[in-house]
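Working notes, structure below.
The values are calculated or read from the model by the stated rules, or taken from the named source; none is laboratory data. The model shown is predicted, which means the values in this text are computed figures rather than measured ones. Note: ideal-geometry Cβ built from the backbone for every residue, glycine included; neighbour counts use all protein chains shown. Please note that ligands, DNA and RNA were not included when accessible areas were found on the heavy atoms of the full protein model with its side chains. Shrake-Rupley method; radii C 1.70, N 1.55, O 1.52, S 1.80 Å.
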Amino acid sequence: MAHRPNRPLSPATKLAQALRYLDPATGAIVPQIQTAATYARDENYALRQSYMYRRDSNVTTEQAEAIIADLEGATESLLFSSGMGAATAVIEHLPADAHVVVPEVMYHGVLAQFKTYAAKNRLRVSTYPAGDLDAMKAATVESDTALVWVETPNNPNWDTTDIAAAAEIAHAAGAKLVTDCTGTPPCATRALELGADISFHSATKYLNGHSDVTAGVLSVRETGPYWDEIFHVRMIQGTVLHSFDAFLLIRGMRTLMLRYERATENALAVAQHFEGHPGIEKVMYPGLPSHPDHEIAKRQTGGLYGGMLSILVKGTEQTAIDVSRYCEVFYPATSLGGVESLIEHRKTVSGEGFPVHPRLLRLSIGIEDAGDLIADLEQALDRAGAATP
Ligand SMILES: *Cc1c(COP(=O)(O)O)cnc(C)c1O
């Protein structure tokens, strides 16, 4: 980092310039990929810089962390080799028998991880319906709660939780608030400024944006012994993000603002087009004024609602599966936040036992032409017979 002006810069500028990166040795404006697994000590047997071994960290990953920390307004950020690696580090650092409060419907992998730890009597887990602050509050008074987990917008129904209100509830209970705002990256929602203690993102999604990296990040307002423990988990489990992937992530983040604005624009066009469509029972997108959480979403994202939405197809479960099979522009694939649009039958992907509507299709809207996306869904709905009673 070098020559940063002494005035606040907007996220678009910070991202495009990767924190105005400048290599001090060469003047290169793109970071190097440092692949070394180990580092030689000097003649006094001291480390030359802080680096000793790759499982600790490396300079490329630290540059990516600095960009995210700056965007989040965080004291520090740590990058992991996947979102699940980052989430697991949060779970793993909790003391035995800690009480946690989590949404009853959320990203299935994180929920499964909480349930696994509960089944082993490692944690006590209470749930609340996503977005329901009264239920969240009631769950925190059941016990001495250590952590409240919020996912907003929430998979796969895209309910929005008021982060500031959730922070008040968590803090009144003496708990830390962790937010998963993977659907609205920190160029839209700055969770730490709204009161979250730990901001989690699957950087696999919007932050990287090109479906060629898995990564997860944790960012915090305050460091302390708990943060040292989380770092320790990353080091011991070997889940630090590799420098190659950190390089790709930095490259991807340079266009985050553009990609995210375009995805929002496209998603809004798709949502508006299909709201009230004869083949569709419901469009779930917080950017629609008809969405029950629209006002919270507007406040929390500054109108950048992102590209994630779900539709309930009319007909049967098979009709919904057929719609995803018949798409020719959307890829029938899981994941989200990439430049290419994806469609998935969520129940097939989440597996049995996960509460998701059988006719729900989750769409990750990319940066293609909105007209092409709408036409593709139209022909798939038509072919699947969604509009024929
Ligand atoms: C993808 C995702 C995760 C998990 O991240 P990975 O990078 O796939 O391990 C967690 N939460 C949300 C909301 C996600 O979309």
Yes/no for Thr264 being in a helix (DSSP H, G or I) and crowded, with 19+ Cβ neighbours inside 10 Å: yes
From the options Val125, Val148, residue that is touching a Leu at 6+ places or on another chain (Cβ under 6 Å), more than 12 Å from the ligand (Cβ to nearest atom) and part of a strand (DSSP E or B): Val148
Exclusive hit being in contact (Cβ under 8 Å) with a residue 24 or more places away in the chain and open to solvent by less than 70 Å² (accessible area, probe 1.4 Å), set Ala64, Ala46: Ala64
From Gly353, Gly366, residue being open to solvent by less than 10 Å² (accessible area, probe 1.4 Å), in the same structural domain as Glu261 (by TED's automatic domain parsing) and in a loop (DSSP other than H, G, I, E, B): Gly366
Within the stretch 141-160, considering residues that are hydroxyl-bearing (Ser, Thr, Tyr) and crowded, with 24+ Cβ neighbours inside 10 Å, the one farthest from Ala118 (Cα to Cα): Thr160
Members of the stretch 79-91 found to be more than 9 Å from the ligand (Cβ to nearest atom) and either farther than 18 Å from Trp149 by Cα or of a type in the set (Asp, Glu) (or both), listed by number: Leu79
Given (1) without any contact (Cβ under 8 Å) to a residue 12 or more places away in the chain; (2) touching an Asp or Glu at 6+ places or on another chain (Cβ under 6 Å), number of the condition Thr127 does not satisfy: (1)
In the stretch 332-349, residue nearest to the ligand (Cβ to nearest atom) [restricted to those that are part of a loop (DSSP other than H, G, I, E, B) and aliphatic (A, V, I, L, M)]: Leu336
Single unsatisfied condition, Glu43 versus (1) under 24 Å from the mean Cα position of the chain (by Cα); (2) more than 27 Å from Leu218 (Cβ to Cβ): (1)
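Can we say Leu94 is within 26 Å of Glu65 (Cα to Cα), open to solvent by less than 60 Å² (accessible area, probe 1.4 Å) and away from the ligand (no atom under 16 Å from the Cβ)?
So Leu94 fits the description; yes.
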Filtered residue count, the stretch 168-224, keeping only those that are within 12 Å of the ligand (Cβ to nearest atom), open to solvent by 60 Å² or more (accessible area, probe 1.4 Å) and either part of a strand (DSSP E or B) or charged (D, E, K, R) (or both): 0
Which numbered condition Gly252 misses (of (1) more than 18 Å from Met308 (Cβ to Cβ); (2) open to solvent by less than 50 Å² (accessible area, probe 1.4 Å); (3) more than 13 Å from the chain's Cα centre (by Cα); (4) not aliphatic (A, V, I, L, M)): (1)
Positions within the stretch 279-302 being in contact with a strand residue (DSSP E or B) (Cβ under 9 Å, 6 or more places away or on another chain) and open to solvent by 80 Å² or more (accessible area, probe 1.4 Å), in sequence order: Glu281, Lys282, Pro292
Subset tally (residues that are open to solvent by less than 90 Å² (accessible area, probe 1.4 Å), touching a helix residue (DSSP H, G or I) at 6+ places or on another chain (Cβ under 9 Å) and of a type outside the set (A, V, I, L, M)) for the stretch 14-31: 3
